[in-house]
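Okay, structure first, notes after.
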Amino acid sequence: MRRWVPAIVIVLGWGSLAHAATAGMAVAEIGLAGEGTGVVGFAQVLLNAAIRASVSPSPGMGPSVVATQSLNLPRNVLSAIVSFRTDRVSIPRVHVRGGGRSWWVPATGYLTGRPGTEHAALIVGMKPETDYTVTVSGIDETNFIEGSREILDVRSGAPPPGFPPIRVPVNKRDKRTPGYVLFDVTRESVPAGTSPSWIVIVDQDGDPVWYYNDLYFFSLPNDVRRISTGNFLMLGYDPYHSTAAAYEINLLGAQVRSWSAFDLGLDSMHHELGELPDGNFVVLSSKLHFYQDYPEELYGYPIGSDHTIVTDAIAVFNPAGEVVYFYDLVDSLDHLRFLQGFEETGFWEFTYGPGVNDWGHGNGVIEDPRDGNWIASLRHQDIVFKMTPEGALVWVLGQHHFTSTADLTWPFLHLEGPGSLPERQHAPELLPNGNLLVYDNASALGSRTSRAVEFAIDEENLTARQVWEWIDPDYTPPLYSIALGDADRISETNVLVDDGAIDRWNPAPVSLVGAWTRIAEVNKVTNEKVFELIVRDDAEEDPESFLSYRAEHLASLYPPIPGAP
């Protein structure tokens, strides 16, 4: 029985003839389980039902669907909740078809306990302004017979005002890594009632299928990723204390947990926020220092000996909101080592007030699971380095700078063979083979050519070898991301690259005016670009900027099934 269900309208659908589950449904569910979007246990239930039905068909014995309702979500018009009731305890089953694809709602997509009589399923994955057919039914938990089906028609909405303009000029689906792309994007203008920043998920077609926009929690390009709970972890804003905060949100866009820098006793939380294997969280923080031993002049220009500088720190806090580790990185490095960017004061003005120097501008920290040491990136130091939790340097990818004598004792890696060291880099990632993948922005004073680059590091002999780089050959001059950026390994062969602040005027003087975002998937074996997504204002005059900090690959849109491959 089919019912048309517009948003927020209840339709009661009374049972049609019951029928048994089929082996085909079971096989399909097992396949979904293998992709992390279904559940093997439920697949076995369906297979049992198919076997029982083939031996002794029992029409009319399954649960009846006695009421249905569909609700489009006002905070995300690409999502909906479908609820229904069965006349006996049953295992819910929801199938969605439309927009050129179909899928079963997996175990992690249900908002109610299973089995039961009241069922609610979250429908995510819908493209904008598209019609979908949702089929609901229940399977008897005792005899495994599927009962009556009800069909609802659901239509997704149009993206709200301010949604970023997305286009996809390249999409070779057969060569891509299956799944979705999650990224943040911040626009220059702010329509009334919205935040300038968006979290967006696109499907294999490059079409948006989920988004998040909250006026109070999100205000700058920043880190967002899926964690072990299946929810999303992001850096945002605590409006009550005017400071940064970490937020865990679910697919409904609802806040699950939060940790404010104020409550943690941290000066700040910036750039990097990740979950550690033990369930704790690592974040970059900062400390304020006043030094009076800088040289009076540099390059013939007076700079003065007194400077208040911001240094970067690694902080670890547990789910209870207790900081269990804190280390100020300047204690292992040298405050007198200052490069391009030291003079910048804008980034830290909100936290510390005007006039403070940005010494390190940390933008990445990860834990090496092999030994528990840290790998961190400092943009304004042009280094990626590894250190023990106690602060002993293991290696440094970078080179001596004339402003420092202390760095002459650092364990710099010697670059062997062809290649070049990164500058103004972001997002170090340790690969399964032990290599280091980095997004290399490049310097405004250097090549102005951004790239994804991979280094093989020999810690014992303190050497590094550049084993791969990708500079998109389709652009002349090459793309130059002034700031931001990310490179992630997403399969054995493919890498996802986020150029998050591309200078549209290169090689003219560097400017973020009209800067734009490009996300690409590239095969590192063939160097073929198999996907390209662009967020850009193409206006000739006064173009708006669209910036993105990082992009992540998701194997599934719904949270993965715990224990699934």
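Is it the case that Pro161 is touching a residue at least 24 places away in the same chain (Cβ under 8 Å), in the same structural domain as Lys524 (by TED's automatic domain parsing) and surrounded by fewer than 16 Cβ atoms within 10 Å (Cβ to Cβ)?
Considered against the rule, which asks whether it is touching a residue at least 24 places away in the same chain (Cβ under 8 Å), in the same structural domain as Lys524 (by TED's automatic domain parsing) and surrounded by fewer than 16 Cβ atoms within 10 Å (Cβ to Cβ), Pro161 comes out as no.
For region 246-268, state whether one or more residues are farther than 20 Å from Asp358 by Cβ, in contact with a His (Cβ under 9 Å, 6 or more places away or on another chain) and part of a helix (DSSP H, G or I).
Of the residues in region 246-268, the ones farther than 20 Å from Asp358 by Cβ are 246-260, 262-265.
Next, only the ones that are in contact with a His (Cβ under 9 Å, 6 or more places away or on another chain) stay: 260, 262-263.
Still in the list and also part of a helix (DSSP H, G or I): 262-263.
Yes, because at least one residue in region 246-268 is farther than 20 Å from Asp358 by Cβ, in contact with a His (Cβ under 9 Å, 6 or more places away or on another chain) and part of a helix (DSSP H, G or I).
Looking only at region 515-563, which residues are under 30 Å from Ala107 (Cα atoms) and not in a strand (DSSP E or B)?
Arg550, Ala555, Ser556, Leu557, Tyr558, Pro559, Pro560, Ile561, Pro562, Gly563 - these are the residues of region 515-563 that are under 30 Å from Ala107 (Cα atoms) and not in a strand (DSSP E or B).
Between residues in region 144-158 that are among the aromatic types (Phe, Trp, Tyr) and residues that are crowded, with 23+ Cβ neighbours inside 10 Å, which pairs lie under 8 Å by C-beta distance while being six or more apart or on different chains?
Filtered contacts from region 144-158: Phe144/Ala21; Phe144/Leu46; Phe144/Ala49.
One line per residue, one yes/no per condition, for (1) touching a residue at least 24 places away in the same chain (Cβ under 8 Å); (2) assigned to a strand (DSSP E or B):
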residue: Ala452; (1), (2): yes, yes
residue: Ile457; (1), (2): yes, yes
residue: Asp488; (1), (2): yes, yes
residue: Glu492; (1), (2): no, no
residue: Arg504; (1), (2): yes, no
residue: Pro507; (1), (2): yes, no
residue: Val513; (1), (2): yes, no
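What number goes with the only condition from (1) closer than 15 Å to Leu182 by Cβ; (2) free of Cβ contacts under 8 Å to residues at least 12 places away in the same chain that Phe232 does not pass?
So Phe232 meets the others, but not (2).
Anything in region 400-435 that is at positive phi and among the charged types (D, E, K, R)? List them, or say none. Show your work before the answer.
The initial filter retains those residues of region 400-435 that are at positive phi, namely 417, 419, 424, 427, 434.
The answer is Arg424, and nothing else.
Would you be able to say whether some residue in region 461-478 is assigned by TED's automatic domain parsing to the domain that holds Lys175, touching a residue at least 24 places away in the same chain (Cβ under 8 Å), within 16 Å of Gly364 (Cα to Cα) and part of a strand (DSSP E or B)?
no
From the list Ser481, Ser548, exactly one residue is under 23 Å from Ser189 (Cβ atoms), of a type in the set (Ser, Thr, Tyr), in the same structural domain as Tyr180 (by TED's automatic domain parsing) and in contact with a Phe, Trp or Tyr (Cβ under 7 Å, 6 or more places away or on another chain). Which is it?
Values: Ser481 fails: in contact with a Phe, Trp or Tyr (Cβ under 7 Å, 6 or more places away or on another chain).
Of Ser481, Ser548, the one residue that is under 23 Å from Ser189 (Cβ atoms), of a type in the set (Ser, Thr, Tyr), in the same structural domain as Tyr180 (by TED's automatic domain parsing) and in contact with a Phe, Trp or Tyr (Cβ under 7 Å, 6 or more places away or on another chain) is Ser548.
Tally the residues that are touching a residue at least 12 places away in the same chain (Cβ under 8 Å), part of a loop (DSSP other than H, G, I, E, B) and either surrounded by fewer than 11 Cβ atoms within 10 Å (Cβ to Cβ) or touching a strand residue (DSSP E or B) at 6+ places or on another chain (Cβ under 7 Å) (or both), restricting the search to region 269-302.
Total satisfying the criteria: 7.
For residues in region 317-344 being in contact with a helix residue (DSSP H, G or I) (Cβ under 9 Å, 6 or more places away or on another chain) and under 23 Å from Ser242 (Cα atoms), which is surrounded by the most Cβ atoms within 10 Å (Cβ to Cβ)?
For region 317-344, the residue satisfying everything is Phe317.
All but one of (1) assigned to a loop (DSSP other than H, G, I, E, B); (2) on the phi < 0 side of the Ramachandran plot; (3) surrounded by fewer than 23 Cβ atoms within 10 Å (Cβ to Cβ) hold for Ser148; state the number of the condition that does not hold.
Condition (3) is where Ser148 drops out.
Filtering region 416-448 down to residues that are farther than 19 Å from Gly364 by Cα and surrounded by 17 or more Cβ atoms within 10 Å (Cβ to Cβ), which residue is modelled with the lowest pLDDT?
First, the residues of region 416-448 that are farther than 19 Å from Gly364 by Cα: 416-420, 433, 444-448.
Then keep just the ones that are surrounded by 17 or more Cβ atoms within 10 Å (Cβ to Cβ); that gives 444, 448.
On the way: Ala444: 90, Arg448: 96.
That would be Ala444.
Could you go through region 514-536 and let me know if any residue there is closer than 22 Å to Leu378 by Cβ and either under 26 Å from the mean Cα position of the chain (by Cα) or not assigned by TED's automatic domain parsing to the domain that holds Pro196 (or both).
Here is the first cut: in region 514-536, the ones closer than 22 Å to Leu378 by Cβ are none.
The answer is no; no qualifying residue exists.
Output the number of the condition that Ser443 fails; it satisfies all remaining conditions of (1) more than 30 Å from Pro507 (Cβ to Cβ); (2) under 31 Å from the mean Cα position of the chain (by Cα).
(1)
Condition first: assigned to a loop (DSSP other than H, G, I, E, B), surrounded by fewer than 22 Cβ atoms within 10 Å (Cβ to Cβ) and among the aromatic types (Phe, Trp, Tyr). Can you find one or more residues in region 168-180 that meet it? Talk me through it step by step, then tell me what you get.
Step one: of region 168-180, the residues assigned to a loop (DSSP other than H, G, I, E, B) are 172, 176-179.
Filter once more, keeping what is surrounded by fewer than 22 Cβ atoms within 10 Å (Cβ to Cβ): 172, 176-179.
Applying the additional criterion that residues be among the aromatic types (Phe, Trp, Tyr) yields none.
No: zero hits.
In region 81-109, how many residues are over 14 Å from Glu146 (Cβ atoms), touching a Phe, Trp or Tyr at 6+ places or on another chain (Cβ under 8 Å) and of a type in the set (A, V, I, L, M, F, W, C)?
Of the residues in region 81-109, 3 are over 14 Å from Glu146 (Cβ atoms), touching a Phe, Trp or Tyr at 6+ places or on another chain (Cβ under 8 Å) and of a type in the set (A, V, I, L, M, F, W, C).
Specify the residue that is surrounded by the fewest Cβ atoms within 10 Å (Cβ to Cβ); the eligible residues are those in region 116-145 that are in contact with a helix residue (DSSP H, G or I) (Cβ under 6 Å, 6 or more places away or on another chain) and under 25 Å from Asn213 (Cβ atoms).
Applying the filter and picking the extreme gives Leu122.
The values are calculated or read from the model by the stated rules, or taken from the named source; none is laboratory data. Given the structure is predicted, the values throughout are model-derived calculations rather than measurements. With ideal geometry, Cβ positions are generated from the backbone for all residues, glycine too; neighbour counts draw on all protein chains shown.
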